[in-house]
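Report on the following structure.
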Amino acid sequence: MLAGRSVQKKLRCLLLCEDAEHEWLFRPILNHLFHRVRVEPRRPNGGFTFVLARLADAAKYVRQRPQEAVGLLVVMDGDEVGFQKRLDAIHEVLREVGFDRQRLDKIAICIPCRNVETWELWLSGARDLDEQNNYKNRFHRDVRPHLRRGELTEAWLALEESLRLPALAHGREQIRHLHRQFRS
């Protein structure tokens, strides 16, 4: 039992994301699952080019620590190009630095489609959503002013939405997979 607690205390995760809105949603989720979370320093609105530019170094950092319980969560909006094109861009960068697409044990990828506000609205209870429309203004106008940081964490850990928001279901499974890597 004591050894398990020791490992739990050492669990840490690096969050590489586009902007403050991503951090606002994902940091509390990761704090719930990992002992320590470090957000890759970024500009307030870094964008997907920021994430792609820093991805190789972040992935190498994780790979250079095979004996440590350290993971990486990469978050980037699908925007107009969609889930698959963003996923392909991430996998291309990882392939260039020697990561096999099938061996990403310590790396999780979340691609909110169309943007993270869609996921935040869903987690807040809205069910009239899809992944093609932009809900950013609706979220910031109607929901965000009433939420506290971390308030969506419980919803993240509980909901199933694979039919309406498959990218959110994928992201949730990616984080579960990342956490399981260190639980055994």
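Considering the stretch 22-39, and only residues there that are outside any helix (DSSP H, G or I) and in contact with a helix residue (DSSP H, G or I) (Cβ under 6 Å, 6 or more places away or on another chain), the residue that is surrounded by the fewest Cβ atoms within 10 Å (Cβ to Cβ) turns out to be 35. So which residues in the stretch 143-171 are at pLDDT 90 or above, farther than 15 Å from residue 30 by Cα, assigned to a helix (DSSP H, G or I) and not basic (Lys, Arg), if there are any at all? Correct list: 143, 145, 146, 167, 168, 170. Yes or no: residue 98 at positive phi and either of a type outside the set (Lys, Arg) or touching a strand residue (DSSP E or B) at 6+ places or on another chain (Cβ under 7 Å) (or both)? Yes. Can you tell me which residue is surrounded by the fewest Cβ atoms within 10 Å (Cβ to Cβ) among those in the stretch 104-120 that are of a type in the set (A, V, I, L, M, F, W, C) and not in a strand (DSSP E or B)? Among residues in the stretch 104-120 that are of a type in the set (A, V, I, L, M, F, W, C) and not in a strand (DSSP E or B), the one surrounded by the fewest Cβ atoms within 10 Å (Cβ to Cβ) is 104. Tallying residues that are hydrophobic (A, V, I, L, M, F, W, C), touching a Leu at 6+ places or on another chain (Cβ under 9 Å) and free of Cβ contacts under 8 Å to residues at least 24 places away in the same chain within the stretch 97-143 yields 4.
Only residues that are among the small types (Gly, Ala, Ser) and assigned to a helix (DSSP H, G or I) were counted in the stretch 40-50, giving 1.
Is the stretch 69-77 home to any residue that is closer than 27 Å to residue 10 by Cα and over 16 Å from the mean Cα position of the chain (by Cα)? Checked against the condition, which is being closer than 27 Å to residue 10 by Cα and over 16 Å from the mean Cα position of the chain (by Cα), the stretch 69-77 yields at least one hit.
The values are calculated or read from the model by the stated rules, or taken from the named source; none is laboratory data. Quick caveat, the model's predicted, so the values are computed rather than measured. Neighbour counts run over all protein chains shown; Cβ positions are idealised from the backbone, glycine included.
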